[in-house]
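Engineer: The structure is given below, and queries will be raised subsequently.
The values are calculated or read from the model by the stated rules, or taken from the named source; none is laboratory data. The shown structure was predicted, so the numbers you read here are calculated from the model rather than taken from an experiment. Glycine gets a Cβ as well: all are built from the backbone with ideal geometry, and neighbour counts include every protein chain shown. In case anyone asks, the SASA skips ligands and DNA or RNA and just uses the protein heavy atoms, side chains included. Shrake-Rupley method; radii C 1.70, N 1.55, O 1.52, S 1.80 Å.
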Amino acid sequence: MQEHEFSRIERAPAYRLVYDAIEREILSGKLRVGDPLPAELQLAEQFGVNRSTVREGIRLLEQSGLVERDGGKRPRISLPHYLDLASSASRALILHSVTFRELWEASMVLEPAIAESAARHIDVNGLAELNNNINAMEANVQRFEAGAEANTDEFVQLDRGFHEILAKFGGNRVLALAHEPVTSLFIPTGQIILQRLKTYRRVLDAHRHIYNCLKDKDAAKARTWMHRHMDDFRRAYELTELAWDAPLDAVSLGITQAAPHR
């Protein structure tokens, strides 16, 4: 009987072990947001490593958003910003060759749930932000309809902003954190669709309907309209004949398929 062969164990760099040890203390609650880290020399003595190793471990913690510096003061434990987390998650989704189909299916769960929650929780400040966003989008569309060249980048950012406002005032931080990396990956596709189909007014009208549902505190109707809005995005995607099951990095290049998915 042939014996099983094991792969060689790789040793993690010492600075990574420092990072892991401090991260465990943070996640366990022993180190809380705002707490200062011990001095580098003290940490070096506790871990039995050089100060340069500690410094590199702390630098990695800063990159992950778990630690921040305030001027020349000692590093303190911080709360990672959701945009930093989203950026890492978006990169991971691309590296895993996630397809547009998977992205859209996830959005059909997240977006209607966020709209429904926002209808229950949004306040006057949130409604004001949405109204300002819609007014800016209306101005963009009017310029295009008057014959000016469409500012697709501005429109896509306003579109993204609308959905981010809903997530921010949705009253559920888990949904908001899950939402950001998904919506950011729609940007290249949205730019392609708008440039080809010129659906600016249609997007704007959908946003107005959703806004009115939120203003009326009609959660069920907000969910329904968001579902329609996202399904409309799917139909527009199909009309461009972009590859439904291609990885997102390929879709962003405008790769098409022989026939649209049905």
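Engineer: Which of the residues belonging to the range 1-60 are of a type in the set (Val, Ile, Thr) and either more than 18 Å from Ile77 (Cα to Cα) or in contact with a strand residue (DSSP E or B) (Cβ under 9 Å, 6 or more places away or on another chain) (or both)?
Structural biologist: Ile9, Ile22, Ile26, Val33, Val49, Thr53, Ile58
Engineer: In this structure, does Ala150 turn out to be touching a helix residue (DSSP H, G or I) at 6+ places or on another chain (Cβ under 9 Å), farther than 26 Å from Leu239 by Cβ and surrounded by fewer than 17 Cβ atoms within 10 Å (Cβ to Cβ)?
Structural biologist: no
Engineer: Have a look at Leu31, Leu41 and point out the one that is touching a helix residue (DSSP H, G or I) at 6+ places or on another chain (Cβ under 8 Å) and open to solvent by 90 Å² or more (accessible area, probe 1.4 Å).
Structural biologist: Answer to the selection: Leu41.
Engineer: List every residue pair whose Cβ atoms lie under 6 Å apart, where the two residues are 6 or more positions apart in sequence or sit on different chains, the first residue falls within the range 13-35 and is in contact (Cβ under 8 Å) with a residue 40 or more places away in the chain, and the second residue, located anywhere, is open to solvent by less than 30 Å² (accessible area, probe 1.4 Å) and among the small types (Gly, Ala, Ser).
Structural biologist: Within 6 Å, the pairs are Tyr15/Gly57; Val18/Gly57; Tyr19/Gly57.
Engineer: With respect to Ile77, determine if the residue is at pLDDT 85 or above, among the aliphatic types (A, V, I, L, M) and within 26 Å of the chain's Cα centre (by Cα).
Structural biologist: When the stated conditions are applied, Ile77 passes them.
Engineer: Now a separate question. Six or more apart or on different chains, Cβ atoms under 6 Å: show the pairs whose first residue is in the range 118-134 and under 18 Å from Trp225 (Cβ atoms) and at pLDDT 95 or above and whose second is part of a helix (DSSP H, G or I) and small (Gly, Ala, Ser).
Structural biologist: Taking only residues 6 or more apart or on different chains, the pairs are Ala119/Ala219; Ala119/Ala222; Arg120/Ala219; Asn133/Gly161.
Engineer: Right, something else. Give the number of residues within the range 160-191 that are open to solvent by less than 40 Å² (accessible area, probe 1.4 Å) and of a type in the set (Asp, Glu).
Structural biologist: 1
Engineer: Further question on the same structure: Filter the range 110-135 down to the residues that are open to solvent by 10 Å² or more (accessible area, probe 1.4 Å) and either outside any helix (DSSP H, G or I) or in contact with an Asp or Glu (Cβ under 7 Å, 6 or more places away or on another chain) (or both) and list them by number.
Structural biologist: Asp123
Engineer: Moving on. Taking into account only those residues within the range 60-71 that are farther than 15 Å from Leu31 by Cα and open to solvent by 90 Å² or more (accessible area, probe 1.4 Å), which is modelled with the highest pLDDT?
Structural biologist: Arg69
Engineer: Just the residues that are in contact (Cβ under 8 Å) with a residue 12 or more places away in the chain and either within 18 Å of Gly161 (Cβ to Cβ) or assigned to a helix (DSSP H, G or I) (or both), please, taken from the range 234-246.
Structural biologist: Once the filter is applied, which keeps residues that are in contact (Cβ under 8 Å) with a residue 12 or more places away in the chain and either within 18 Å of Gly161 (Cβ to Cβ) or assigned to a helix (DSSP H, G or I) (or both), the range 234-246 yields Arg234, Ala236, Tyr237, Glu238, Leu239.
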